[in-house]
């Protein structure tokens, strides 16, 4: 019971704090791609902080080609009902109606993702218009701040999904974090031109220069396949990792999923990373990122 | 004062910043031996299933339970679930507070919210509280010494204290208001044995 009779300002939902707050709760965790309720259960049992519901993992999208779209709502609901952890789902870049559908289904986070075939080659979704938070991909600071300017409540560096090659994930994480470090050393008069050059909203450039970090949580994604890959990105300085094809395209998904979760928590402890890396069975086969295979990361404007 | 923050997963850095701003040392805890020199512990928000599984794998459940029997512990959100005796489902918990907690009691993320609360022990000014896929206390054993510190306007219990244990369904580490952290540090001070 209220003791001093104050009525408060009621209850506010879908605020920036609440949207960004869920991402803060996912930090230090692993978000796993799953395509069935059974996968989702394996991920939850392994200690995933959240799952990403999608129809095909990126490795299969790469091989099978065709247009990759939002998943069937029945399939997403099946996954929502199978686990108690947060469930994310992907919409195509710029496809705000797919995003409306995902909000209607009740997913916890929407990934406006370059892994699906873009629906708009010029504009992204206006994410401020939604009560559900969005996560978006980025390759550099400018792209991250454009997405945050559009309302993204969480970022993930893109990497190159479905390859099992960590090189692009490292490149993008280093790009974002390195640009933040350089920005911190710039005098105020350089910030406007810097904002113009990287195509970022000026007020966000000023904010990052002052705080030395993105205003939202930033995970790594795209090509992480081993416990050591996950720990590498954590040591470089991201807040957590997404693992897509790396788990369910490997020999023993349950064991590998658990090992990646443990390596993400103990990312600074080589003894533990060594221990959890033993006897995991086959890793996903993987394809090298080359100019010909680098296709998904380029999507996004 | 050395206050540990369980750093298996979740929003532990936010708690560390808050503790440091109040002059306490904040120490990350991932393994049992890291509990040894601590005066108190915070169990942060995160995914309670993830935190529970990692605690089991790295042999932390028993050491944490023993710690919580002797020294002040505060659980926020997932941490509250972890401290409770009854959560109505099968997942690893410490089971040290005589409270019943319903996980994800408000629904999915779309139902996460912010609101002002009156909280006993931190002064008259309302506390702006952030609830993220939050749990709710659905029962307390007052005979065992559980004190209700705050309720929502509909009566739902969101902050409780039982002797040296504190639990909140919301996230004081996500706002700039340090009064809940100060309340916890005051509990730590008053629980220190007289010298």
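Bear in mind these aren't lab numbers, they're just calculated from the coordinates by the rules spelled out. In this text the structure is predicted, and so the values were computed from the model without any measurement. Because the Cβ atoms are built from the backbone with ideal geometry, glycine has one as well, and the counts that use them run over all protein chains shown.
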Inset, instruction - Determine the shape class of chain B: with a ≥ b ≥ c the square roots of the Cα gyration tensor eigenvalues, call it rounded for a/c under 1.5, and otherwise prolate if a/b is greater than b/c, oblate otherwise. - result: rounded
Legend entry - Top of A:60, A:74, A:108 by mean-square fluctuation, Gaussian network on chain A, Cα under 10 Å: A:74
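Which of A:216, A:34 comes first, and how do the rest follow, when ranked by fewest Cβ neighbours within 10 Å? List each step's numbers first, then the result.
Working: A:216 21, A:34 28.
The order, fewest Cβ neighbours first, is A:216, A:34.
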Inset, instruction - Sort out for me the Cα centre separation of region B:50-87 from region B:121-195, rounded to whole Å. - result: 17
Legend entry - Most mobile of B:183, B:83, B:136 in a GNM of chain B (Cα contacts under 10 Å): B:183
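Within 10 Å of each Cβ in peptide B:103-110, how many partner chain Cβ atoms are there on average? Round it to a whole number, please. Please list the in-between numbers first.
Numbers: counts 1, 3, 0, 2, 1, 8, 16, 12.
Per residue, the number of nearby Cβ atoms from other chains is 5 on average.
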Legend entry - Once the Cα gyration tensor of region B:128-172 is diagonalised, semi-axes √(5λ) in Å: 18, 12, 8
Inset, instruction - Would you tell me the mean number of C-beta atoms belonging to other protein chains that fall within 10 Å of each C-beta in B:4-15, as a whole number? - result: 4
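How would the protein assembly as shown be classified by its alpha-carbon gyration tensor: rounded, prolate or oblate, with rounded meaning a/c under 1.5 and the a/b versus b/c comparison settling the rest?
Values: a/c = 1.61, a/b = 1.45, b/c = 1.11.
Prolate is the answer for the protein assembly as shown, as a/c is 1.5 or above and a/b outweighs b/c.
Would you mind giving the mean number of other chain beta-carbons within 10 Å of the Cβ of each residue in B:40-51, as a whole number?
On the way: counts 0, 0, 0, 0, 4, 5, 7, 12, 2, 8, 15, 5.
Mean partner shielding for this stretch: 5.
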Inset, instruction - Identify which of A:72, A:271, A:120 has the largest mean-square fluctuation in a Gaussian network model of chain A, with springs joining Cα atoms closer than 10 Å. - result: A:271
Inset, instruction - Under 1.5 on a/c is rounded, so check that first for region B:1-81, then, if it is not, pick prolate when a/b is larger than b/c and oblate when it is not; a ≥ b ≥ c are the square roots of the alpha carbon gyration tensor eigenvalues. - result: oblate
Legend entry - chain B: antiparallel DSSP beta bridges as a percent of all, rounded to 5: 55
Legend entry - DSSP beta bridges in the protein assembly as shown [antiparallel fraction, %, rounded to 5]: 30
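Fewest Cβ neighbours within 10 Å first, please rank A:301, B:74 accordingly. Present the calculation step by step, with values, prior to reporting the outcome.
Working: A:301 14, B:74 29.
Going from least to most buried by this count: A:301, B:74.
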